[in-house]
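Notes to accompany the following structure.
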Amino acid sequence: MVLTVDGLQMRYGEVQVLHDVSFAARAGEVLTLLGPNGAGKSTTIEILEGFRLRSAGRVEVLGVDPAHADESWRAQVGIVLQSWRDHGNWRVGELLHHLGSYYPGPWPTDELLAAVGLTDSAGHKIRTLSGGQRRRLDVAIGIVGRPELLFLDEPTVGFDPEARREFHELVAQLATEYGTTILLTTHDLDEASRLADRIMILTSGRIVAIGTPSELTAAIAGEDEVRWSIDGQAFRKQTADSTEFVRGLFAQYGAELRELEVRRASLEDTYLALVRGQEVQS
């Protein structure tokens, strides 16, 4: 496993922030961490990145305890924050070449530019880039040292739909073509559903669910909702097999059936059910 967390705990004075958090990530996997503000996401990520010491539990990232990691370990870990301050007068290619000089085996600049779709922008000053191009540069900075593990924090905040789609394609490419393991934190449930191989939901310092998007939706959100009308009268039905149920409706009512709508259980339903359930327990 690229990343292993077992019984992670974090306490600030009398406040327990993380309670026995456990999970793992394999090579080339996109693992997404979801949770409301204050759930403990940032604390978890900072511990994994080696920027914060834990109170208890076992953590291994690339086979090393981040609390005792050296510079060679840090060269294998890439981090893309929500924002990165830089000098707008740097040219894209020059900046990546300069940053690459700090690593023992960096991406060749031309190959890196091609990988993130910035070849045509190599000679452009950073301050002239669009939002989507700027975020691609952020990723290039995060992977310039060819990391095995990449942390992405809210990567598409403020993106327009086209830039978001392009960025999602880039993340998928990093995982599938280059084998980069990615730990993504986001509040965008559609983004999580599109990108994640598996999703973890953290709330009140506890992992309350982990699985693929479809597994979580099927296990927790439950049944689909079918709505229809006949002769102006509206009907509604919860069902585990909406396809078979709709087939039966057509067989029974045929052309009389109107305003048919199938609302499938979603990741949002799952997320809200888990978070609200944890809040009630707390």
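Please work out which residue is farthest from the chain's Cα centre (by Cα), limiting yourself to the range 52-76 and to residues that are under 19 Å from F23 (Cβ atoms) and of a type in the set (A, V, I, L, M, F, W, C).
If we take residues in the range 52-76 being under 19 Å from F23 (Cβ atoms) and of a type in the set (A, V, I, L, M, F, W, C), then A56 is farthest from the chain's Cα centre (by Cα).
Take G93 and tell me if it is touching a helix residue (DSSP H, G or I) at 6+ places or on another chain (Cβ under 7 Å), in the same structural domain as V157 (by TED's automatic domain parsing) and in contact (Cβ under 8 Å) with a residue 12 or more places away in the chain.
no
Test V59 against the criterion of being surrounded by fewer than 18 Cβ atoms within 10 Å (Cβ to Cβ) and at pLDDT 95 or above, and give yes or no.
no
Specify which of the listed residues (A240, A234) is more than 18 Å from L272 (Cβ to Cβ) and either among the polar types (S, T, N, Q) or at pLDDT below 90 (or both).
A240
Do any residues in the range 142-170 that are over 17 Å from T32 (Cβ atoms) and touching a residue at least 60 places away in the same chain (Cβ under 8 Å) have Cβ atoms under 7 Å from those of residues that are polar (S, T, N, Q) and not in a loop (DSSP other than H, G, I, E, B), where the two are at least six apart or on different chains, and which pairs are they?
Going by the 7 Å Cβ cut-off, the qualifying pairs are E148/T181.
Could you check, for the range 195-205, whether at least one of its residues is out of contact with any Gly (no Cβ under 9 Å at 6 or more places or on another chain) and not in a loop (DSSP other than H, G, I, E, B)?
Scanning the range 195-205, I find at least one residue that is out of contact with any Gly (no Cβ under 9 Å at 6 or more places or on another chain) and not in a loop (DSSP other than H, G, I, E, B), so the answer is yes.
Among (1) at pLDDT 95 or above; (2) out of contact with any Phe, Trp or Tyr (no Cβ under 8 Å at 6 or more places or on another chain); (3) not aromatic (F, W, Y), which single condition is R85 missing?
(1)
Working only within the range 44-56, note down all residues that are in contact with a strand residue (DSSP E or B) (Cβ under 8 Å, 6 or more places away or on another chain), among the aliphatic types (A, V, I, L, M) and surrounded by fewer than 19 Cβ atoms within 10 Å (Cβ to Cβ).
Answer for the range 44-56, where residues must be in contact with a strand residue (DSSP E or B) (Cβ under 8 Å, 6 or more places away or on another chain), among the aliphatic types (A, V, I, L, M) and surrounded by fewer than 19 Cβ atoms within 10 Å (Cβ to Cβ): I45, A56.
Only one of (1) surrounded by fewer than 18 Cβ atoms within 10 Å (Cβ to Cβ); (2) not assigned by TED's automatic domain parsing to the domain that holds L184 is not met by E71, so which one is it?
Unmet for E71, out of (1) surrounded by fewer than 18 Cβ atoms within 10 Å (Cβ to Cβ); (2) not assigned by TED's automatic domain parsing to the domain that holds L184: (2).
Taking the condition surrounded by fewer than 20 Cβ atoms within 10 Å (Cβ to Cβ), among the charged types (D, E, K, R) and assigned to a strand (DSSP E or B), does R165 pass?
The answer is no for R165.
Please count how many residues of the range 206-261 are under 25 Å from the mean Cα position of the chain (by Cα), among the aliphatic types (A, V, I, L, M), surrounded by 13 or more Cβ atoms within 10 Å (Cβ to Cβ) and not in a strand (DSSP E or B).
Qualifying residue count for the region: 4.
The values are calculated or read from the model by the stated rules, or taken from the named source; none is laboratory data. Since this is a predicted model, take the numbers as computed values, not measurements. Using ideal geometry, Cβ is built from the backbone for each residue, glycine included, and neighbour counts are taken over all protein chains shown.
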